[in-house]
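The values are calculated or read from the model by the stated rules, or taken from the named source; none is laboratory data. Note that this is a predicted model, so its numbers are computed, not measured. Here the Cβ positions follow ideal geometry from the backbone for every residue, glycine too, while neighbour counts run over all protein chains shown. Note: areas computed on protein heavy atoms with side chains; ligands, DNA, RNA excluded. Shrake-Rupley method; radii C 1.70, N 1.55, O 1.52, S 1.80 Å.
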Amino acid sequence: MKITDAKVFVCSPGRNFVTLKIYTDEGIYGIGDGTLNGREKSVVSYLEDYCIPCLLGRDPFQIEDIWHYFYKGAYWRRGPVTMSAVAAIDMALWDIKGKALKTPVYNLLGGKSRQGVMVYPHAYGETIEATIENVQKYVDEGYVAVRAQSGIPGLKSTYGVAKGKTYEPAQRGMPTEYEWSTEKYLNFTPKLFQKVRDAIGDDIHLLHDCHHRLTPIEAGRLGKELEPYHLFWLEDTTPAELQESFRLIRKHTTTPLAVGEVFNTVYDYTTLITEQLIDYIRMSILRGGGITSMQKVAALASIYQVRTGFHGASDLSPITMAAALHFNLAVNNFGIQEYMKHPAEANDVFPHAYAFEKGYMYPGDEPGLGVDFNEELAATYPYQRAYLPVNRKEDGTLFDW
Ligand code: EZ4
Ligand code: CO
């Protein structure tokens, strides 16, 4: 089998997505996700201008070799643009191989290790009461794990809390600005979880995302104060470029830690994993260079009792969601998968076999990844400039969002 062509599509069915389609001489094609929220067109250029010309004529079954060709072969390594492009290629190749061998991708990754994939949705509200109501709504829908975020008294906006019905981090047009106070957040958040736990009982897993806003010692304080409410995890407590800083957090709390939705290689994790400073891997298959590289991350993590907990926000397309579900079904050290529903228009553009039932998701048994891409419909949703917000402290200092 030979690769004959590859095309990149950018569409905006509710939000922007970058999709790579790789064609072969046997009529089989594969699709991969290259979406990088707020920087979509950089990935398009990386793929179109540099990768696609080097893909033509190759055997799509040689996934390992092609992965290294684009990682080592580019000389310049790592970074979100590069690794998202490599991931798009890698996902499309696994999709082709599954279709050619007429089997779902999970069978190529070792086969089923479990029945279904536990997922968690995002519950939020402007107040504690509204947040509890939203958590309860998800519990009523069958979820067994729920992330809870709440508006903070005295702040006009905060991460994870939408003004409207659905939470969407990127806004069309120019970047919006959020307001932040670590003191208000730290004083408020333990009260939030005390009340949520009281309202829903002990049986539901609760998760929370700090979105990189604390220093290590502040993270230690929050983790410690949240211990009575037994969180499944506390996510991205502090910006994690400095892996060693997690030694300080770990010294102060037994609340499990999840890190790395902005990471893009195993090298972002070596200290965190080998010193057992974290409990869950947040890097997604898309950010981390695809299924091929994520197999190595998961293998390293398994030795240190660290589990997967992949990023699954709506800015990763249904193709990444499917890849994650196949991977999660197969790998032994699976933990949990984030599941933030896509807008209805996006589900129409990416018809898929995966489904949700009673707190768990299932990738379906179609050959390959089990997702398709409706080009004609996608063309009716042209790209729209959109950015993630920026964040400032109350005195105007630019801060982590
Ligand atoms: O802010 O995906 O845990 N989930 C998150 C997400 C991220 C967005 C950024 O594009 O932190 O909501
Ligand atoms: Co997050």
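When the residues of segment 16-36 are filtered to those that are open to solvent by 10 Å² or more (accessible area, probe 1.4 Å) and in contact with a strand residue (DSSP E or B) (Cβ under 8 Å, 6 or more places away or on another chain), the one that is farthest from Q171 (Cα to Cα) is D25.
Of the residues that sit in segment 331-372 and are of a type in the set (F, W, Y), assigned to a loop (DSSP other than H, G, I, E, B) and more than 16 Å from ligand 2 (Cβ to nearest atom), which one is surrounded by the most Cβ atoms within 10 Å (Cβ to Cβ)?
F350
Annotation: E183 fulfils all but one of (1) within 25 Å of P239 (Cβ to Cβ); (2) touching a Lys or Arg at 6+ places or on another chain (Cβ under 8 Å); the unmet one is (2). Only residues that are part of a loop (DSSP other than H, G, I, E, B), free of Cβ contacts under 8 Å to residues at least 60 places away in the same chain and away from ligand 1 (no atom under 16 Å from the Cβ) were counted across segment 290-330, and they come to 3. When segment 65-92 is filtered for residues that are more than 16 Å from M294 (Cβ to Cβ) and more than 23 Å from the chain's Cα centre (by Cα), the ones remaining, listed by number, are D65, Y69, K72, G73, A74, Y75, W76. Looking at segment 272-289, which of its residues are of a type in the set (D, E) and either in a helix (DSSP H, G or I) or touching a residue at least 40 places away in the same chain (Cβ under 8 Å) (or both)? The one that is of a type in the set (D, E) and either in a helix (DSSP H, G or I) or touching a residue at least 40 places away in the same chain (Cβ under 8 Å) (or both): D279. Looking at segment 186-202, is at least one residue more than 16 Å from ligand 1 (Cβ to nearest atom), in a loop (DSSP other than H, G, I, E, B) and within 24 Å of the chain's Cα centre (by Cα)? No, segment 186-202 contains no residue that is more than 16 Å from ligand 1 (Cβ to nearest atom), in a loop (DSSP other than H, G, I, E, B) and within 24 Å of the chain's Cα centre (by Cα). When segment 258-271 is filtered for residues that are of a type in the set (A, V, I, L, M, F, W, C) and either in a helix (DSSP H, G or I) or surrounded by fewer than 23 Cβ atoms within 10 Å (Cβ to Cβ) (or both), the ones remaining, listed by number, are V262, V266.
Quick one: in segment 232-252, of everything that is without any contact (Cβ under 8 Å) to a residue 40 or more places away in the chain and within 14 Å of ligand 2 (Cβ to nearest atom), which residue is nearest to I336 (Cα to Cα)?
Here the answer is L234.
Only residues that are closer than 13 Å to M1 by Cα and in contact (Cβ under 8 Å) with a residue 12 or more places away in the chain were counted across segment 56-78, and they come to 7.
Residues in segment 203-222 that are open to solvent by 50 Å² or more (accessible area, probe 1.4 Å) and over 21 Å from S245 (Cβ atoms) were compared, and the one that is nearest to ligand 1 (Cβ to nearest atom) is H205. The residues of segment 229-256 that are within 15 Å of ligand 1 (Cβ to nearest atom), outside any loop (DSSP other than H, G, I, E, B) and either of a type in the set (D, E, K, R) or over 29 Å from I204 (Cβ atoms) (or both) amount to a single one, E235.
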